[in-house]
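Student: Have a look at this one before I ask anything.
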RNA sequence: GCCGCUUUAGCUCAGCUGGUAGAGCAACGCAUUCGUAAUGCGUAGGUCACGUGUUCGAGUCACGUAAGCGGCACCA
């Protein structure tokens, strides 16, 4: 047991000769056999992962009782999950970072050693590294893939390896597949950014560790650029801009996740809603309206209470009957479909509604308008024959394409969400139904030519779906639009039609919400446009700025002409205001710029005399003077085409 | 929901180790009447998120609640 002592005194010059199959090589030897490679020889992921080890080493140094979880590289850096006796606070980060930099300077070697699983376990047990022991046992009993899947850390060990590789950096020894840089001087530049809770092995039933997130890049320039980028991104945050532009507010008195839409924000809702309604009219949809609360029986029948109850609010009792706030509009639309008899000639039947829904979201998951508890969905349900399902789904995809082109959204990906076939308890159990629905969806997607990625375990309980995934400026991914193929509703609600042969046949139901919910979609648009909405979506499209008090009457006249203009906004005229504050023109221009108002109409003596306006555009500056009619025509075109004009 | 942090005027934020609050912007008033991103002067505005406690004394300390933030879990 002579190695035991070596392991127990893991200080600087100790090696593991006695315990490990072969001793770690001494640093000076490494230096000789491993001449220092040029830094660009390491991929940045290697540096990041090595930096994670370096952070662990620094923490081990500062907090000798620390227990370590996993610490993989991320897209822009790395993190490490750690359990400490006392929780770290943000003030501890600089201290850790400082220690890391000291270690980096010392060029600590990354020493690799291979041992058997049992030896590794014994070592980690002696070290009190409970989490590592658990990982090693999992690795020994279930293999490497299980670890990668469970922890999200693929760096632990390679595929199908039987021996465990260990890496030592300073006082920190970790099981790790590698590869690593040669020494700590090569990890590159890093910045510790945040500290947060994370469940061990990603399971809420387990203990929480502290996760330290860090940025890491090869050069300081890249690190600084990323910090700058993050700073710029933060400026687009819809929560910040939403406040600055008075679009919405969340108040404690109303409740978490229940936004109040202010007049400015409501304009955007109104315009979007009209876009949806117009396109749906052209697409052969009929509009319907359904109530906000509904008897529990309907949700039993739809499958919501069996499969979706934890997302629903507690029922309220009315005349001895349970009523629920509606989490989805589909059961109601199904009832509307069921209200009539349908011939094969009538299909598809398309029912559309901007429907308000309420869903329970865990308090910690709420975020501005992105994740809320009450929202309004651009919903519709298409009832069609099986032979129509593919084409109907395709035309829904084309509607998406139209919207996304219109908004200039191209940074999204499509997720074909499948059920977890091995674990169907979250889904309606009908393997054949799932397969047919999936085949139809895939066929439609393949024919559309739009690329998509299949992801297991994300399907709705009643069918597979295609979600449009976008990232918020803070990097969180959200499904912003969703389209689902439902093969269950037809059974639960006995939804059918009479076919040419006189037989009653079942329908397929397509659930679709290409504009998602107002809340999430507008949150995304705010960030997408950084608050600079195109004219057709701008809460205020033009502000009239009188140069002196004597121009106020003319300014009021201009505003009235704009309000009464024949411009096809949802409000039936240009959204115009006047600025009669006791301020200089310059200040009023500044205020209008800050509010991202597209048109500033400066009026003074000359304009009043000629019946003109001096036009300044938010993005293009001074456009010179033009007649009021010419300006109206310009805005009318922008409104009609939903596209801004150039300079 | 969980871990950690935060909450002071409409907004953004100061306020050291306890001695009953301050700035800038915004608002309002007065003066100014101005030609494309901030005119000057003045006035008003705060149960220091809420509650309980410790203390002679709490914005400051402790506990609880609420809301927000960073993550994790959840995510139709």
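Student: Count, please, the residues in segment A:551-590 that happen to be within 9 Å of RNA strand B (Cβ to nearest atom), touching a helix residue (DSSP H, G or I) at 6+ places or on another chain (Cβ under 8 Å) and closer than 19 Å to residue A:625 by Cβ.
Tutor: 1
Student: Anything in segment A:101-111 that is touching a strand residue (DSSP E or B) at 6+ places or on another chain (Cβ under 8 Å) and either surrounded by fewer than 14 Cβ atoms within 10 Å (Cβ to Cβ) or more than 12 Å from residue A:172 (Cα to Cα) (or both)? List them, or say none.
Tutor: Passing the criteria: only A:107.
Student: Tell me whether segment A:129-142 contains one or more residues that are in a loop (DSSP other than H, G, I, E, B), assigned by TED's automatic domain parsing to the domain that holds residue A:183, modelled with pLDDT of 85 or more and on the phi > 0 side of the Ramachandran plot. Break it down into steps so the answer makes sense when it comes.
Tutor: Just the residues of segment A:129-142 that are in a loop (DSSP other than H, G, I, E, B), to begin with: A:129.
Among the residues that remain, those that are also assigned by TED's automatic domain parsing to the domain that holds residue A:183 are: A:129.
Among the residues that remain, those that are also modelled with pLDDT of 85 or more are: A:129.
Of the ones still in play, those that are also on the phi > 0 side of the Ramachandran plot are none.
Within segment A:129-142, none of the residues are in a loop (DSSP other than H, G, I, E, B), assigned by TED's automatic domain parsing to the domain that holds residue A:183, modelled with pLDDT of 85 or more and on the phi > 0 side of the Ramachandran plot.
Student: If you take the residues of segment A:225-251 that are farther than 14 Å from residue A:367 by Cα and assigned to a loop (DSSP other than H, G, I, E, B), which of them is nearest to RNA strand B (Cβ to nearest atom)?
Tutor: So the residue we want is A:246.
Student: May I pose another question? So which residues in segment A:574-621 are farther than 14 Å from residue A:555 by Cα, in a loop (DSSP other than H, G, I, E, B) and touching a residue at least 40 places away in the same chain (Cβ under 8 Å), if there are any at all?
Tutor: Within segment A:574-621, A:574, A:575, A:595, A:596, A:597, A:598, A:618, A:619 meet the criteria.
Student: Go through segment A:317-334 and give me each residue that's within 33 Å of the chain's Cα centre (by Cα) and either more than 12 Å from residue A:358 (Cβ to Cβ) or without any contact (Cβ under 8 Å) to a residue 24 or more places away in the chain (or both).
Tutor: A:323, A:330, A:331, A:332, A:333, A:334 - these are the residues of segment A:317-334 that are within 33 Å of the chain's Cα centre (by Cα) and either more than 12 Å from residue A:358 (Cβ to Cβ) or without any contact (Cβ under 8 Å) to a residue 24 or more places away in the chain (or both).
Student: Name every residue in segment A:276-301 that is in a helix (DSSP H, G or I) and either assigned by TED's automatic domain parsing to the domain that holds residue A:571 or touching a helix residue (DSSP H, G or I) at 6+ places or on another chain (Cβ under 8 Å) (or both), in order of residue number. Even if it seems obvious, please write down each step before you answer.
Tutor: So in segment A:276-301, the residues in a helix (DSSP H, G or I) come out as A:276-282, A:296-301.
Correct list: A:279, A:296, A:298, A:299, A:300, A:301.
Student: Can you confirm whether residue A:265 is crowded, with 16+ Cβ neighbours inside 10 Å, in a loop (DSSP other than H, G, I, E, B) and in contact (Cβ under 8 Å) with a residue 12 or more places away in the chain?
Tutor: Considered against the rule, which asks whether it is crowded, with 16+ Cβ neighbours inside 10 Å, in a loop (DSSP other than H, G, I, E, B) and in contact (Cβ under 8 Å) with a residue 12 or more places away in the chain, residue A:265 comes out as no.
Student: Continuing with this model, one more query. So residue A:645 ticks every box in (1) closer than 30 Å to residue A:405 by Cα; (2) near RNA strand B (Cβ under 8 Å from one of its atoms); (3) at pLDDT below 95 but one. Which box is left unticked?
Tutor: For residue A:645, the failing item is (2).
Student: So, residue A:454, is that one surrounded by fewer than 18 Cβ atoms within 10 Å (Cβ to Cβ) and within 15 Å of RNA strand B (Cβ to nearest atom) or not?
Tutor: For residue A:454, the condition - surrounded by fewer than 18 Cβ atoms within 10 Å (Cβ to Cβ) and within 15 Å of RNA strand B (Cβ to nearest atom) - is met.
Student: Would segment A:475-492 turn up any residue that is away from RNA strand B (no atom under 14 Å from the Cβ), more than 14 Å from the chain's Cα centre (by Cα), farther than 27 Å from residue A:279 by Cβ and at pLDDT below 95?
Tutor: Looking for residues that are away from RNA strand B (no atom under 14 Å from the Cβ), more than 14 Å from the chain's Cα centre (by Cα), farther than 27 Å from residue A:279 by Cβ and at pLDDT below 95, one finds at least one in segment A:475-492, hence yes.
Student: Could you run through segment A:616-632 and say how many residues are in contact with a strand residue (DSSP E or B) (Cβ under 9 Å, 6 or more places away or on another chain) and under 15 Å from residue A:565 (Cβ atoms)?
Tutor: Residues flagged as in contact with a strand residue (DSSP E or B) (Cβ under 9 Å, 6 or more places away or on another chain) and under 15 Å from residue A:565 (Cβ atoms) within segment A:616-632 amount to 5.
Student: Pairs needed: first member in segment A:84-97, assigned by TED's automatic domain parsing to the domain that holds residue A:190 and closer than 23 Å to residue A:207 by Cα; second member anywhere, near RNA strand B (Cβ under 9 Å from one of its atoms) and not in a loop (DSSP other than H, G, I, E, B); C-beta distance under 7 Å; at least 6 residues apart or different chains.
Tutor: What qualifies is A:84/A:210; A:87/A:210; A:88/A:195; A:88/A:210; A:90/A:195; A:93/A:195.
Student: Still on this structure, please answer the following. For segment A:201-224, give me the residue count where each residue is part of a helix (DSSP H, G or I) and more than 23 Å from the chain's Cα centre (by Cα).
Tutor: Summing the residues that are part of a helix (DSSP H, G or I) and more than 23 Å from the chain's Cα centre (by Cα) in segment A:201-224 gives 5.
Student: Residue A:340 - would you say it is free of Cβ contacts under 8 Å to residues at least 24 places away in the same chain and out of contact with any helix residue (DSSP H, G or I) (no Cβ under 7 Å at 6 or more places or on another chain)?
Tutor: Yes.
Student: Could you pull out the residue among A:380, A:432, A:401 that is modelled with pLDDT of 90 or more and out of contact with any strand residue (DSSP E or B) (no Cβ under 8 Å at 6 or more places or on another chain)?
Tutor: Of the residues listed, the single one that is modelled with pLDDT of 90 or more and out of contact with any strand residue (DSSP E or B) (no Cβ under 8 Å at 6 or more places or on another chain) is A:401.
The values are calculated or read from the model by the stated rules, or taken from the named source; none is laboratory data. What you are looking at is a predicted structure, and each value in this text was computed from that prediction instead of being measured. Heads up, the Cβs are rebuilt from the backbone with ideal geometry, glycines too, and the neighbour counts pull from every protein chain shown.
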